[in-house]
Amino acid sequence: MKIAIVRERADGETRVAATPETVTKLIGLGATVSIERGAGAAARFPDADYQKAGAALGSAAETVKDADIVLTVRRPGVDVLIGANAGALVIGSMDPYGNESEIESLGKAGFTAIAMEFMPRITRAQVMDILSSQANLAGYQAVLDAAVAFDRAMPMMMTAAGTVRPAKTFVMGAGVAGLQAIATAKRLGAVVSATDVRAAAGEQVESLGAKFIMTDALKDASGSGGYARELTEAEKAAQAELTASHISKQDIVITTALIPGRPAPKLVTAAMVESMQPGSVIVDLAAERGGNVELTKPGEVYTTANGVTIIGYKNVPARLATSASQLFARNLVAFLETMFDKKTKAFAVNWDDELVKATVLTKDGAIVHPNIKVAA
Ligand code: NAD
């Protein structure tokens, strides 16, 4: 049973799917582990540490040769996987929506692609939830990025030369990333308000000491699995009215709103950005999915004509490569632990396990996941 980890090839990807710590754990499960030379370099895990942990180092081709499992942060191309065993599990974030033909290619090449982002949000799988682990870090980093771009202080400061007022920070979307952003902004001393379309988020926002803002027109837009549903046109209009009146008074806006499988909802219009004061900062954590802000340029940081800096980094967890890799790699190990027998160390996938059923995209040469459809 060989587990392989190759260097991530996506532009700007600094994370790695295994750390020396998780290599030790994988070997403890009964596997041998191979890792491509330099795979952990961008996340500051040197080759020597992987070797000490018991991994074999090699080229990409040597690493995947005869592998039964390939662990990855982002979906690899088939070219990287050539040489792995037929039916090998390729486990990582697969970003399947909009990339159905790439998923199909993995299937046709005989690989079993497993999308960690489809992990059900049930108690047993919390430890395997890459969306949560990465969103937590992204929410934190978003506030730091905002603070650095903001040319005033975040906390209230009483000095002999006078008082600096605290920054008003508004967080849109109070899921995992948003709640972490609220907590971080509070720790930096900002005055924080937040909104969400799920009524349950209100209590969580308030428990962090922030003010929850929601229009009466929108009672609750909870969808399935703890996620939000898309708003109706009337609800969108009510939300936009509320946002417009609130946002013009904010110094920092952090947007995190997402709806599973859909482009990010547009919450902040160009007119709303224009209503903000020069020097204000917006961080759009939804940039990778098109952005919550009309003026976001995904992947870019720029300042608008009226002096508002819009930060649209596409892969914020990669800005915290070490921590993000540590958590991601542990999420993967936790999932793999369910596939190894603790006593005999035998490896066997239980295809009927709800975690496996929810995450397997391809098997035996074809797409098997009901949500992934390839256009004929
Ligand atoms: P997400 O990344 O899909 O979305 C981020 C937030 O944006 C959500 O809170 C969502 O309600 C909000 N949103 C969507 N449309 C919006 C709009 N038009 N305006 C404002 N906000 C909007 O969600 P997430 O962060 O992954 O988490 C969603 C929920 O799932 C949270 O309640 C979280 O606590 C829960 N959760 C549960 C588990 C578990 O039980 N294992 C694990 C992780 C998260």
Average projected area of the Cα convex hull of the range 131-179, in nm²? 3.9 nm²
Once the in-chain neighbours fewer than 8 apart are removed, the lysines whose Cα is under 16 Å from LYS343 read LYS25
Accessible surface, 1.4 Å probe, highest first, among residues LYS373, LYS168: LYS373, LYS168
Helix 176-187 axis, angle to the chain major axis (alpha carbon atoms, nearest 10°): 50 degrees
What accessible area per residue, rounded to a whole number of Å², is obtained for the chain using a probe radius of 1.4 Å? 44 Å²
Can you tell me what the convex hull of the Cα atoms of the range 61-180 projects to on average, as an area in nm²? 11.5 nm²
Order the peptides 306-316, 286-296 from the highest to the lowest mean number of other Cβ atoms within 10 Å of their residues. 286-296, 306-316
Approximate spin-label separation GLU337-LYS297, in nm, with each point projected 7 Å along Cα-to-Cβ: 4.6 nm
Could you please state how large a percent of the accessible area of the range 130-264 is carbon and sulfur, counting protein chains only and using a 1.4 Å probe? 59 percent
Once the other residues with Cβ under 15 Å from the Cβ of ALA41 are scored (Lys, Arg +1; Asp, Glu -1), what is the net sum? 0
For the chain, report the translational diffusion coefficient in µm²/s to the nearest whole number, using Stokes-Einstein at 25 °C, 0.890 mPa s, and a Kirkwood Rh over Cα pairs. 112 µm²/s
Förster radius 51 Å - calculated FRET efficiency between ASP49 and ALA244 (Cβ-Cβ, nearest 0.05): 0.50
Working only with C-alpha atoms, what are the Rg and Dmax values of the range 260-376, expressed in angstrom? 21.1, 65
Please report, in debye to the nearest 20, how large the charge dipole of the chain is about its Cα centre when each Lys and Arg carries +1 at its beta carbon and each Asp and Glu carries -1 there. 660 debye
Pairs LYS236/LYS297; LYS345/LYS373; LYS108/LYS373; LYS314/LYS363: which exceed 26 Å Cα-Cα? LYS345/LYS373; LYS314/LYS363
Compare the Cα positions of LEU81, LEU71, GLN51 along the charge dipole of the range 1-147 (+1 at Cβ of Lys, Arg; -1 at Cβ of Asp, Glu; about the Cα centre) and return the one farthest towards the positive end. GLN51
If amide H atoms are built 1.01 Å from N in the plane of the peptide, which residues on other chains or at least 5 residues away come under 5 Å of the amide H of ALA113? VAL90, LEU361, THR362
Summarise the accessible area of the range 283-337 (1.4 Å probe, protein heavy atoms) by the percent that is carbon and sulfur. 46 percent
Taking the 0 to 90 degree range and rounding to the nearest ten, how far is the long axis of helix 20-29 tilted relative to the main principal axis of the chain, both from C-alpha atoms? 40 degrees
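Is there a quick way to get the dipole size of the range 40-97? I mean about its Cα centre, with the Cβ of Lys and Arg at +1 and of Asp and Glu at -1; what is the value in debye to the nearest 20?
Values: 5 positive and 7 negative charges, 33 e Å.
So the dipole magnitude of the range 40-97 works out to roughly 160 debye.
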When the charge dipole of the chain is computed with +1 on Lys and Arg Cβ and -1 on Asp and Glu Cβ about the Cα centre, the Cα farthest towards its positive end, among ASN371, ALA113, SER133, belongs to SER133
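The values are calculated or read from the model by the stated rules, or taken from the named source; none is laboratory data. Just so it is clear, the model here is predicted, and its values are computed rather than measured. Heads up, the Cβs are rebuilt from the backbone with ideal geometry, glycines too, and the neighbour counts pull from every protein chain shown. Note: accessible area is taken over every heavy atom of the protein model, side chains too, but ligands, DNA and RNA are not part of it. Shrake-Rupley method; radii C 1.70, N 1.55, O 1.52, S 1.80 Å.
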